[in-house]
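Q: Take this structure first; my questions come after.
The values are calculated or read from the model by the stated rules, or taken from the named source; none is laboratory data. If you're wondering where the values come from, they're calculated on a predicted model, not measured in any experiment. For neighbour counting, all protein chains shown are included, and Cβ atoms are generated from backbone atoms with ideal geometry for every residue, glycine included.
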């Protein structure tokens, strides 16, 4: 078999690909010259996972890559009808981001429960003002999203004594169906968004859903910005429908400096970093090498995306 | 038996004591009139646990209270040689603060690992700047203090995948002796102070110990301020001997507005609130009522302090 051509869509070159010398002919593309190179690729590594180039350039003029791997958990930026309906296999970076994101969510919850933002502000002012925190253990959380990230969040919160309900598209053992979401959200202290972005989930967190939440409840989004109607969230926090929120992802990233979300009291804004711990790019590179070996040897790949659903289904 | 006289040292009256009507003659004292009332008390509830009045007023002129209960975990403010050598039983509020403090420490660790203070500062400036966090899972923590608070911290961190070593006065199953502290601190990513304040622990965290820590390590104190030589900690953080710290307790509380600790980059200052969650005063009141019932009935009390050691020994 001829040496396959691997096309790498990247803004910064990924590490470790030199290990493929002799096993792949590697070509690098950026957003500008990506479309021209796509047809000649056997495999595509989407290293620049913030790019929309794949969705916009697909289909090319010639044979498609037979395999697309994205160095991300979400595949929403890739998928277009032509790719969904093709035979091309799509894989994702499942296994890299779960624990870091679960830690991030746990940390945000405790920080909000203990008013760490208020503490830091008082520290700036050299003011000693004792306050009482909430106990996270015994509180109730709904994790929206039953994929590996949602489940990692749920597991960590359970270890802290939080009562956790997980919701997914359909009910199955340990997972409530989407039809239970309204009921669960109504009684929750925490609503955590870790769902894949699909047509079914886009803008699911809207005024109606925030209106179901308790005034003492808080919302955290580590999924995708487009899961949330940002104007509705801004209103819900500003008007005290809910007690607070933390957003790590946004409809448009980077968040515009003029966006009013930066300035909402009780709302924490972070720059899409929940899953990114030191060494993550190296881990993503290593993961891709492992998948490449399997693919080049004609073996089955893990982390295969159900393109119609828009995520990697869980089997358990 | 005559109705016992219960003296309550308080700044704000505690809840629930009305339930003792008929079972106790309750007298309230503040720091000014405490010494005069002490000799006539059969039992003493130290509700104002920030007061030094007990240590300063003991011994009174007459018979001592036979029982002293403090609404705190630490008993360092109470104990004086005369009380230590008396027959008076001292009990503490074990069971109330453990989980809240464990959550607080966990939250501080994740907040520091993910640079939440930096995120909040960037938010103030409307600046989107992606950073990579540390993973808490897999990191190494030393918890100094093998009492119920130290153990609750250790248990919660272990649930997050942290490698935890606990040190106490003497080695026993699951606890390293104080002679192992230097070695453990040298390899730790986190050093967490949850020790009782005794003659053996006072100012134990000094330049020598901070000098053993890794430059990437962080220090958290939720025990007592006097465990730390604050000037040494200030220097260690300022000079980069260690990467950061979080102090919830201080040599002198409230921390003076002019104290330089407020302004050290990488140092989080909070106002002695780690164990205080909404409802905590009510829980402390309920706990005292339960103990009072036992005491009035002549039954053995739980949470009895080993006055010579300065804490409630763990039996396991």
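Q: Kindly indicate which of A:204, A:213, A:273 is at the interface with another protein chain (Cβ under 10 Å from one of its Cβ atoms) and either under 30 Å from residue A:45 (Cβ atoms) or surrounded by 17 or more Cβ atoms within 10 Å (Cβ to Cβ) (or both).
A: So the residue among A:204, A:213, A:273 that is at the interface with another protein chain (Cβ under 10 Å from one of its Cβ atoms) and either under 30 Å from residue A:45 (Cβ atoms) or surrounded by 17 or more Cβ atoms within 10 Å (Cβ to Cβ) (or both) is A:273.
Q: Looking only at residues that are within 16 Å of residue A:107 (Cβ to Cβ), crowded, with 21+ Cβ neighbours inside 10 Å and touching a helix residue (DSSP H, G or I) at 6+ places or on another chain (Cβ under 6 Å) in region B:136-156, which one is farthest from the other protein chains (Cβ to nearest Cβ)?
A: Filtering region B:136-156 down to residues within 16 Å of residue A:107 (Cβ to Cβ) leaves B:136-139, B:141, B:153, B:156.
Still in the list and also crowded, with 21+ Cβ neighbours inside 10 Å: B:136, B:139, B:141, B:153, B:156.
If we keep only those that are touching a helix residue (DSSP H, G or I) at 6+ places or on another chain (Cβ under 6 Å) as well, we get B:136, B:141, B:153, B:156.
Details: B:136: 5, B:141: 14, B:153: 12, B:156: 7 Å.
By that ranking, first place goes to B:141.
Q: Next question. Only one residue in B:299, B:308 is more than 10 Å from every other protein chain (Cβ to nearest Cβ) and touching a helix residue (DSSP H, G or I) at 6+ places or on another chain (Cβ under 7 Å), so which one is that?
A: Working: B:299 fails: touching a helix residue (DSSP H, G or I) at 6+ places or on another chain (Cβ under 7 Å).
After applying the criteria, what remains is B:308.
Q: Continuing with this model, one more query. Scan region B:117-125 and give yes if some residue there is touching a residue at least 60 places away in the same chain (Cβ under 8 Å), outside any loop (DSSP other than H, G, I, E, B) and under 30 Å from residue A:262 (Cα atoms), otherwise no. I'd like the intermediate steps shown before the answer.
A: Within region B:117-125, the subset touching a residue at least 60 places away in the same chain (Cβ under 8 Å) is B:117.
Okay, now just the ones that are also outside any loop (DSSP other than H, G, I, E, B), so B:117.
Then drop every residue that is not under 30 Å from residue A:262 (Cα atoms), which leaves B:117.
Within region B:117-125, one or more residues are touching a residue at least 60 places away in the same chain (Cβ under 8 Å), outside any loop (DSSP other than H, G, I, E, B) and under 30 Å from residue A:262 (Cα atoms).
Q: Moving on to the next point. Give the residues of region A:287-301 that are closer than 15 Å to residue A:92 by Cβ and surrounded by 13 or more Cβ atoms within 10 Å (Cβ to Cβ), sorted by residue number. It would help to see each step written out before you state the result.
A: So in region A:287-301, the residues closer than 15 Å to residue A:92 by Cβ come out as A:287-288, A:290-292, A:294-295, A:301.
Answer for region A:287-301, where residues must be closer than 15 Å to residue A:92 by Cβ and surrounded by 13 or more Cβ atoms within 10 Å (Cβ to Cβ): A:287, A:288, A:291, A:292, A:294, A:295, A:301.
Q: Of the numbered conditions (1) free of Cβ contacts under 8 Å to residues at least 40 places away in the same chain; (2) within 14 Å of chain A (Cβ to nearest Cβ); (3) outside any loop (DSSP other than H, G, I, E, B), residue B:257 satisfies every one except a single condition; which is it?
A: All conditions pass for residue B:257, except number (3).
Q: Kindly provide the set of residues from region A:50-71 that are without any contact (Cβ under 8 Å) to a residue 40 or more places away in the chain and within 14 Å of chain B (Cβ to nearest Cβ), ordered by number.
A: Step one: filter region A:50-71 for residues without any contact (Cβ under 8 Å) to a residue 40 or more places away in the chain, giving A:52, A:55-64, A:66, A:68, A:70.
Correct list: empty.
Q: Restricted to region A:23-51, and to residues that are under 27 Å from residue A:279 (Cβ atoms), out of contact with any helix residue (DSSP H, G or I) (no Cβ under 7 Å at 6 or more places or on another chain) and modelled with pLDDT under 95, which residue is surrounded by the most Cβ atoms within 10 Å (Cβ to Cβ)?
A: Out of the qualifying residues, it is A:48.
Q: What tally of residues in region A:233-254 results from selecting those that are more than 10 Å from chain B (Cβ to nearest Cβ) and within 17 Å of residue A:192 (Cβ to Cβ)? Explain how you work it out, then say what you get.
A: Within region A:233-254, the first condition is being more than 10 Å from chain B (Cβ to nearest Cβ), and the residues that meet it are A:233-245, A:247, A:249, A:251-252.
With the extra rule that they be within 17 Å of residue A:192 (Cβ to Cβ), the set shrinks to A:233, A:236-237, A:242-245, A:247, A:249.
Of the residues in region A:233-254, 9 are more than 10 Å from chain B (Cβ to nearest Cβ) and within 17 Å of residue A:192 (Cβ to Cβ).
Q: Please go through region B:170-191 and pick out each residue that is assigned to a loop (DSSP other than H, G, I, E, B) and out of contact with any strand residue (DSSP E or B) (no Cβ under 9 Å at 6 or more places or on another chain). Break it down into steps so the answer makes sense when it comes.
A: Initial filter on region B:170-191 (assigned to a loop (DSSP other than H, G, I, E, B)): B:170-171, B:173-174, B:177, B:187-189.
The answer is B:170, B:171, B:173.
Q: While we're looking at this one, here's another question. Return the only residue of A:290, A:256, A:199 being within 18 Å of the chain's Cα centre (by Cα) and under 30 Å from residue A:45 (Cα atoms). It would help to see each step written out before you state the result.
A: On the way: A:290 fails: within 18 Å of the chain's Cα centre (by Cα); A:256 fails: within 18 Å of the chain's Cα centre (by Cα).
Every option except A:199 fails the conditions.
Q: Now for a different question. Restricting the search to region A:221-232, which residues are under 20 Å from residue A:74 (Cβ atoms) and away from every other protein chain (no Cβ under 13 Å)? Talk me through it step by step, then tell me what you get.
A: Going through region A:221-232, the residues under 20 Å from residue A:74 (Cβ atoms) turn out to be A:221-230.
Within region A:221-232, A:221, A:223, A:224, A:226, A:227, A:228, A:229, A:230 qualify.
Q: Still on this structure: When you check residue A:141 against the structure, is it closer than 30 Å to residue A:75 by Cβ, in the same structural domain as residue A:182 (by TED's automatic domain parsing), assigned to a loop (DSSP other than H, G, I, E, B) and in contact with a strand residue (DSSP E or B) (Cβ under 8 Å, 6 or more places away or on another chain), yes or no?
A: Numbers: closer than 30 Å to residue A:75 by Cβ: yes; in the same structural domain as residue A:182 (by TED's automatic domain parsing): yes; assigned to a loop (DSSP other than H, G, I, E, B): no; in contact with a strand residue (DSSP E or B) (Cβ under 8 Å, 6 or more places away or on another chain): yes.
Answer is no for this residue.
Q: Please go through region B:73-115 and give me each residue that is within 14 Å of another protein chain (Cβ to nearest Cβ), assigned to a loop (DSSP other than H, G, I, E, B) and touching a strand residue (DSSP E or B) at 6+ places or on another chain (Cβ under 8 Å), ordered by number.
A: Narrowing region B:73-115 to residues within 14 Å of another protein chain (Cβ to nearest Cβ): B:95-115.
Checking the rest, the ones that are also assigned to a loop (DSSP other than H, G, I, E, B) come to B:95-97, B:114-115.
Selection gives B:114, B:115.
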